[in-house]
Amino acid sequence: MKSVKFIIPLLLTAAVMLGATGCPTQNFFDPSNDSSDWGSDVLTSVSTTPPVDEKSDEEIFTDNMADFAVKLFQKSVSDKQNSMISPLSVMLALAMTANGADGKTLAQMETLLGGGIPLDQLNEYLYGYAKNLPNESKAKLGIANSIWFRDSNYVKVYPEFLQKNADYYGAEVFETLSNPQAVRDINNWAKEKTDGMIDNIIEKIDGDSMMYLINAVVFDAEWQRGYKTYEIKNDNFTNINGKTKITEFMNSSEYRYIEDGRAIGFIKPYAGGGYSFAALLPNKDIPIGEYINSLTGAGLVHTLRNAQNIEVIATMPKFKYKYSVEMKTALSALGIPDAFSASRADFSKMGTALQGPILIHDVLHKTFIAVDELGTRAGAITAVATTVSGIMPEKPKPKIVKLNRPFVFAIIENATNLPIFIGTLMDVS
């Protein structure tokens with residue numbers, strides 16, 4: 001029996017853009033339903049702003065999110081090239097998908113995504129978490145979701161599935177896959193939601209493709225303290241292949257030092273105090289691949305949470321790159337193989353198709369990052385020490401962290417220390 005492709009690609013995490021302007025201000029809970037940009041087939045009958053229950057962050061949720069982030073990173077990272085994923089984007093896209101699953105397929109997805117949290121509760125946790133993520137003028141986070149599907153005499157999508165994803169994920173819904181302009185419309189949607197960073201996510205739509213679920217995440221922030229011209233200097237970066245390249249490095253004093261016994265690093269805050277950039281440089285005797293494989297969600301959060309408030313002489317290269325990864329193999333290995341199997345997938349809460357069973361065909365993840373000194377603002381940090389002895393205590397010797405060889409980085413939300421993006425820099429261009 002022929003299967004029907006249910007494509008969730010394009011967990012289209014579009015990317016992180018640091019120190020730039022023009023990030024979309026639309027957030028995940030205030031979606032635009034203006035159908036004029038995307039054709040006339042938008043389902044305007046699906047409300048995207050109903051009252052729904054939300055759960056605040058609890059330890060069981062944040063622990064699972066951290067665990068999911070690290071495991072997905074370990075399965076998706078390249079051992080030779082720069083890599084970056086957005087665990088948040090993948091989580092949101094797969095949670096939307098899980099709302100159409102049942103039976104063993106649903107059980108597998110609940111285990112992977114929620115660590116045992118039932119899907120109905122996970123929807124509430126994700127709604128509450130994403131709704132309360134900081135979004136400020138100098139540190140903007142934009143999240144958008146959409147569902148594009150085919151509806152015909154042979155394929156029917158259940159309104160209940162669409163409504164639930166509109167309720168909890170603000171998903172815009174488009175009945176356009178049969179439209180010859182669908183490829184253009186999807187790519188235009190992606191381009192707008194990613195501020196132009198990712199403008200081409202699909203080349204064609206196969207006749208047996210039933211649905212695309214797309215999530216976009218865009219982060220655009222200024223440093224709390226920007227870099228001055230004299231703090232930018234050329235130096236050597238040794239890449240993953242042992243070759244040395246001259247590149248521009250940014251030098252600064254930071255005041256949050258991290259270490260976990262196998263790596264050292266620092267946390268550099270963005271403006272507004274909601275997010276930070278964290279970098280971890282493995283010890284010289286530990287290959288970066290070995291270090292990545294040793295990470296755990298709990299361990300990473302513990303390291304970030306226990307940063308030491310001491311001066312760090314931090315040196316970091318400017319860098320910019322794109323990354324694309326097909327996640328089907330990784331997600332199967334992480335525990336949801338049935339979702340990709342024509343004989344075992346159960347998406348019976350999503351809809352019906354006369355041609356055969358519904359399954360996930362592709363999960364494509366695309367990201368972009370640029371880290372430099374642009375778009376930052378001048379700032380200062382003043383340390384005030386108080387004492388009752390009248391004797392000035394000896395100032396601790398600053399730590400030195402020079403990111404001049406492959407390292408791990410993350411864009412973290414400060415309240416939970418959860419990574420919005422996590423990646424590696426293996427080489428500089």
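Listed here are the residues, each with its yes/no results for (1) assigned to a helix (DSSP H, G or I); (2) within 17 Å of residue 316 (Cβ to Cβ); (3) at pLDDT below 95.
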position	(1), (2), (3)
258	no, yes, no
265	no, yes, no
268	no, yes, no
272	no, no, yes
278	no, yes, no
286	no, no, no
289	yes, no, no
292	yes, no, no
299	yes, no, no
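Only residues that are in a loop (DSSP other than H, G, I, E, B) and either within 16 Å of residue 220 (Cα to Cα) or not assigned by TED's automatic domain parsing to the domain that holds residue 217 (or both): list them for the range 178-199, please.
194, 195, 196, 197, 198
Going by the structure shown, is residue 331 outside any helix (DSSP H, G or I) and either under 30 Å from residue 103 (Cα atoms) or at pLDDT below 85 (or both)?
Here the answer is no, as residue 331 does not meet what is asked.
Checking residue 168 against (1) under 30 Å from residue 426 (Cβ atoms); (2) hydroxyl-bearing (Ser, Thr, Tyr); (3) assigned by TED's automatic domain parsing to the domain that holds residue 121: exactly one of these is not met. Which one?
For residue 168, the exception is condition (1).
Tell me whether the range 113-129 contains one or more residues that are free of Cβ contacts under 8 Å to residues at least 12 places away in the same chain and charged (D, E, K, R).
Looking through the range 113-129, at least one residue is free of Cβ contacts under 8 Å to residues at least 12 places away in the same chain and charged (D, E, K, R).
Does residue 425 satisfy the condition of being over 25 Å from residue 98 (Cβ atoms) and at pLDDT 90 or above?
yes
Tell me, which residue of the range 138-174 that is out of contact with any Pro (no Cβ under 9 Å at 6 or more places or on another chain), at pLDDT 85 or above and assigned to a loop (DSSP other than H, G, I, E, B) is surrounded by the fewest Cβ atoms within 10 Å (Cβ to Cβ)?
The residue in question is 158.
Can you find even one residue in the range 314-324 that is over 25 Å from residue 138 (Cβ atoms) and either out of contact with any helix residue (DSSP H, G or I) (no Cβ under 8 Å at 6 or more places or on another chain) or not in a strand (DSSP E or B) (or both)?
There is at least one residue in the range 314-324 that is over 25 Å from residue 138 (Cβ atoms) and either out of contact with any helix residue (DSSP H, G or I) (no Cβ under 8 Å at 6 or more places or on another chain) or not in a strand (DSSP E or B) (or both).
Of all residues in the range 397-412, how many are surrounded by fewer than 19 Cβ atoms within 10 Å (Cβ to Cβ) and in a strand (DSSP E or B)?
Qualifying residue count for the region: 3.
For the range 394-409, name all the residues that are in contact with a helix residue (DSSP H, G or I) (Cβ under 8 Å, 6 or more places away or on another chain) and within 27 Å of residue 272 (Cβ to Cβ).
Correct list: 407, 408.
Has the range 208-216 got any residue that is touching a residue at least 40 places away in the same chain (Cβ under 8 Å), of a type in the set (Val, Ile, Thr) and in the same structural domain as residue 181 (by TED's automatic domain parsing)?
Yes: one or more hits.
What's the number of the condition residue 271 fails, among (1) at positive phi; (2) under 21 Å from the mean Cα position of the chain (by Cα)?
Result: residue 271 passes all but (1).
Taking the condition of being out of contact with any Asp or Glu (no Cβ under 8 Å at 6 or more places or on another chain) and surrounded by fewer than 18 Cβ atoms within 10 Å (Cβ to Cβ), how many residues in the range 115-131 meet it?
Residues meeting the conditions: 2.
Please verify whether the range 189-196 includes one or more residues that are within 30 Å of residue 403 (Cβ to Cβ) and surrounded by fewer than 20 Cβ atoms within 10 Å (Cβ to Cβ).
yes
Does residue 204 satisfy being over 18 Å from the mean Cα position of the chain (by Cα) and in a loop (DSSP other than H, G, I, E, B)?
Yes: the conditions hold for residue 204.
The values are calculated or read from the model by the stated rules, or taken from the named source; none is laboratory data. The structure presented is a predicted model; accordingly, all values stated were derived computationally and were not measured. Counting neighbours? That spans all protein chains shown, and the Cβs are built from the backbone with ideal geometry, glycine included.
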